Amino acid sequence: MHNAKKLLQSESSEVPLGLMISMIHRTHMIFVNDKIKHMDITAGQIPFLMVLSREEGITQDELAAHFHIDKGVVARALRKMEDNNYLFREIDPSNRRRHLIYLTGKGKSTVPQIISIDKQWEDSICSRVSKDEYNQVFDVLKKMALNCLEKVDKNGEK
(Lines give C-alpha, C1' and ligand atoms only; values in the text may rest on other atoms or scores of the structure.)
Protein backbone atom coordinates (compact mmCIF):
# COMPACT_ATOMS: atom_id res chain seq x y z
CA MET A 1 0.00 0.00 0.00
CA HIS A 2 3.05 2.23 0.15
CA ASN A 3 2.84 2.93 -3.60
CA ALA A 4 -0.86 3.70 -3.32
CA LYS A 5 -0.12 6.18 -0.53
CA LYS A 6 2.50 7.90 -2.70
CA LEU A 7 0.02 8.09 -5.58
CA LEU A 8 -2.66 9.60 -3.35
CA GLN A 9 -0.22 12.16 -1.94
CA SER A 10 0.80 13.27 -5.42
CA GLU A 11 -0.94 16.13 -7.18
CA SER A 12 -2.22 13.79 -9.88
CA SER A 13 -5.93 13.87 -10.50
CA GLU A 14 -5.65 10.58 -12.36
CA VAL A 15 -6.07 8.44 -9.24
CA PRO A 16 -8.87 6.00 -10.02
CA LEU A 17 -11.89 6.28 -7.75
CA GLY A 18 -11.92 2.49 -7.50
CA LEU A 19 -8.40 2.55 -6.05
CA MET A 20 -9.45 4.93 -3.29
CA ILE A 21 -12.60 2.95 -2.47
CA SER A 22 -10.63 -0.30 -2.51
CA MET A 23 -7.98 1.15 -0.21
CA ILE A 24 -10.59 2.31 2.29
CA HIS A 25 -12.30 -1.07 2.18
CA ARG A 26 -9.09 -3.11 2.53
CA THR A 27 -7.72 -1.03 5.39
CA HIS A 28 -11.11 -1.23 7.11
CA MET A 29 -10.96 -5.04 6.87
CA ILE A 30 -7.42 -5.02 8.32
CA PHE A 31 -8.53 -2.76 11.20
CA VAL A 32 -11.65 -4.82 11.97
CA ASN A 33 -9.85 -8.18 11.73
CA ASP A 34 -7.24 -6.91 14.21
CA LYS A 35 -9.95 -5.81 16.66
CA ILE A 36 -11.96 -9.06 16.42
CA LYS A 37 -9.17 -11.64 16.19
CA HIS A 38 -10.10 -12.98 19.65
CA MET A 39 -13.77 -13.48 18.67
CA ASP A 40 -13.74 -16.45 16.22
CA ILE A 41 -15.25 -14.30 13.48
CA THR A 42 -13.76 -12.46 10.52
CA ALA A 43 -14.49 -9.08 8.95
CA GLY A 44 -15.91 -10.92 5.94
CA GLN A 45 -18.56 -12.58 8.13
CA ILE A 46 -19.64 -9.36 9.83
CA PRO A 47 -22.02 -8.20 7.08
CA PHE A 48 -24.00 -11.43 7.51
CA LEU A 49 -24.10 -10.91 11.27
CA MET A 50 -25.35 -7.35 10.84
CA VAL A 51 -28.10 -8.28 8.35
CA LEU A 52 -29.24 -11.15 10.57
CA SER A 53 -29.40 -8.78 13.54
CA ARG A 54 -32.05 -6.81 11.61
CA GLU A 55 -33.71 -9.60 9.64
CA GLU A 56 -33.63 -12.82 11.60
CA GLY A 57 -35.36 -15.77 10.01
CA ILE A 58 -34.19 -15.10 6.46
CA THR A 59 -32.73 -17.80 4.25
CA GLN A 60 -29.27 -18.39 2.84
CA ASP A 61 -30.62 -17.60 -0.65
CA GLU A 62 -32.03 -14.29 0.59
CA LEU A 63 -28.63 -13.39 2.07
CA ALA A 64 -26.90 -14.21 -1.22
CA ALA A 65 -29.37 -12.02 -3.11
CA HIS A 66 -29.02 -9.22 -0.55
CA PHE A 67 -25.24 -9.03 -1.07
CA HIS A 68 -25.24 -9.97 -4.77
CA ILE A 69 -22.84 -12.84 -4.08
CA ASP A 70 -22.61 -16.53 -4.83
CA LYS A 71 -24.67 -18.89 -2.67
CA GLY A 72 -21.57 -21.00 -2.02
CA VAL A 73 -19.75 -18.04 -0.45
CA VAL A 74 -22.72 -17.48 1.84
CA ALA A 75 -22.92 -21.19 2.71
CA ARG A 76 -19.24 -21.32 3.73
CA ALA A 77 -19.46 -18.14 5.82
CA LEU A 78 -22.64 -19.30 7.56
CA ARG A 79 -21.20 -22.77 8.24
CA LYS A 80 -18.19 -21.21 9.99
CA MET A 81 -20.42 -18.86 11.93
CA GLU A 82 -22.66 -21.76 12.95
CA ASP A 83 -19.61 -23.83 13.99
CA ASN A 84 -18.50 -20.89 16.15
CA ASN A 85 -21.97 -20.54 17.71
CA TYR A 86 -22.92 -17.17 16.17
CA LEU A 87 -26.05 -18.47 14.46
CA PHE A 88 -28.33 -21.46 14.11
CA ARG A 89 -30.70 -22.72 11.44
CA GLU A 90 -34.24 -24.02 11.73
CA ILE A 91 -36.25 -25.84 9.09
CA ASP A 92 -38.83 -23.54 7.50
CA PRO A 93 -42.24 -24.98 8.45
CA SER A 94 -43.73 -23.75 5.16
CA ASN A 95 -40.97 -25.31 3.02
CA ARG A 96 -39.00 -28.10 4.65
CA ARG A 97 -36.16 -27.79 2.11
CA ARG A 98 -35.29 -24.29 3.34
CA HIS A 99 -33.60 -23.27 6.56
CA LEU A 100 -34.33 -20.04 8.41
CA ILE A 101 -31.28 -18.44 10.00
CA TYR A 102 -31.20 -16.87 13.46
CA LEU A 103 -28.52 -15.37 15.67
CA THR A 104 -27.59 -17.10 18.91
CA GLY A 105 -27.09 -15.17 22.13
CA LYS A 106 -23.39 -14.96 21.25
CA GLY A 107 -24.24 -13.56 17.82
CA LYS A 108 -26.62 -10.99 19.28
CA SER A 109 -24.13 -9.88 21.93
CA THR A 110 -21.43 -9.43 19.27
CA VAL A 111 -23.43 -6.85 17.28
CA PRO A 112 -22.88 -3.91 19.69
CA GLN A 113 -19.15 -4.70 19.78
CA ILE A 114 -18.99 -4.62 15.97
CA ILE A 115 -20.90 -1.34 15.87
CA SER A 116 -18.40 0.10 18.37
CA ILE A 117 -15.42 -1.10 16.30
CA ASP A 118 -16.91 0.42 13.15
CA LYS A 119 -17.46 3.70 15.00
CA GLN A 120 -13.80 3.67 16.10
CA TRP A 121 -12.77 3.14 12.47
CA GLU A 122 -14.99 5.88 11.16
CA ASP A 123 -13.88 8.33 13.86
CA SER A 124 -10.26 7.52 13.07
CA ILE A 125 -10.44 8.01 9.31
CA CYS A 126 -12.65 11.09 9.61
CA SER A 127 -10.51 12.82 12.24
CA ARG A 128 -9.40 15.52 9.76
CA VAL A 129 -12.76 15.82 8.01
CA SER A 130 -15.30 18.49 8.97
CA LYS A 131 -18.92 17.57 9.61
CA ASP A 132 -19.94 19.33 6.37
CA GLU A 133 -17.29 17.44 4.38
CA TYR A 134 -18.41 14.17 5.99
CA ASN A 135 -22.04 14.84 5.08
CA GLN A 136 -21.09 15.70 1.48
CA VAL A 137 -18.97 12.57 1.08
CA PHE A 138 -21.68 10.43 2.67
CA ASP A 139 -24.36 11.80 0.33
CA VAL A 140 -22.19 11.33 -2.77
CA LEU A 141 -21.14 7.80 -1.79
CA LYS A 142 -24.76 6.88 -1.07
CA LYS A 143 -25.77 8.08 -4.57
CA MET A 144 -22.90 6.14 -6.11
CA ALA A 145 -23.78 2.98 -4.18
CA LEU A 146 -27.42 3.24 -5.30
CA ASN A 147 -26.26 3.75 -8.91
CA CYS A 148 -24.07 0.66 -8.62
CA LEU A 149 -26.96 -1.45 -7.32
CA GLU A 150 -29.25 -0.19 -10.08
CA LYS A 151 -26.60 -1.08 -12.66
CA VAL A 152 -26.22 -4.60 -11.26
CA ASP A 153 -30.00 -5.06 -11.17
CA LYS A 154 -30.34 -3.88 -14.79
CA ASN A 155 -27.72 -6.40 -15.87
CA GLY A 156 -29.84 -9.21 -14.45
CA GLU A 157 -27.60 -10.06 -11.51
CA LYS A 158 -30.30 -9.74 -8.90
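For the reader, a short list of remarks on this structure follows.
- Note on the stretch 55-158: enclosed helices (runs of 4 or more DSSP H) holding 3 or more residues that are farther than 20 Å from I41 by Cα and either in contact with a Phe, Trp or Tyr (Cβ under 8 Å, 6 or more places away or on another chain) or among the aliphatic types (A, V, I, L, M) (or both) are 131-154.
- Checked against (1) modelled with pLDDT under 95; (2) closer than 28 Å to I24 by Cβ, P93 passes all but condition (2).
- Screening M23, M29 for residues that are surrounded by 13 or more Cβ atoms within 10 Å (Cβ to Cβ), out of contact with any helix residue (DSSP H, G or I) (no Cβ under 9 Å at 6 or more places or on another chain) and either modelled with pLDDT of 90 or more or assigned to a loop (DSSP other than H, G, I, E, B) (or both) leaves exactly one candidate, M29.
- Check on D34, of a type in the set (D, E, K, R) and either touching a helix residue (DSSP H, G or I) at 6+ places or on another chain (Cβ under 6 Å) or under 24 Å from E150 (Cα atoms) (or both): no
- Unique match (being crowded, with 19+ Cβ neighbours inside 10 Å and under 16 Å from Y102 (Cβ atoms)) among M50, M81: M81
- For the stretch 35-53, a tally of residues being in contact (Cβ under 8 Å) with a residue 60 or more places away in the chain and in a helix (DSSP H, G or I) returns 6.
- Criterion violated by A65 - all others in (1) farther than 23 Å from V32 by Cβ; (2) surrounded by fewer than 13 Cβ atoms within 10 Å (Cβ to Cβ) satisfied: (2)
- Inter-residue pairs, beta-carbon under 6 Å, first among the aromatic types (F, W, Y) and in the stretch 68-93, second in a helix (DSSP H, G or I), 6+ apart: Y86/K106; Y86/G107
The values are calculated or read from the model by the stated rules, or taken from the named source; none is laboratory data. On a predicted model such as this, the values are computed, not experimentally measured, just so you know. So basically every Cβ, Gly included, is an ideal-geometry build from the backbone, and we count neighbours across all protein chains shown.
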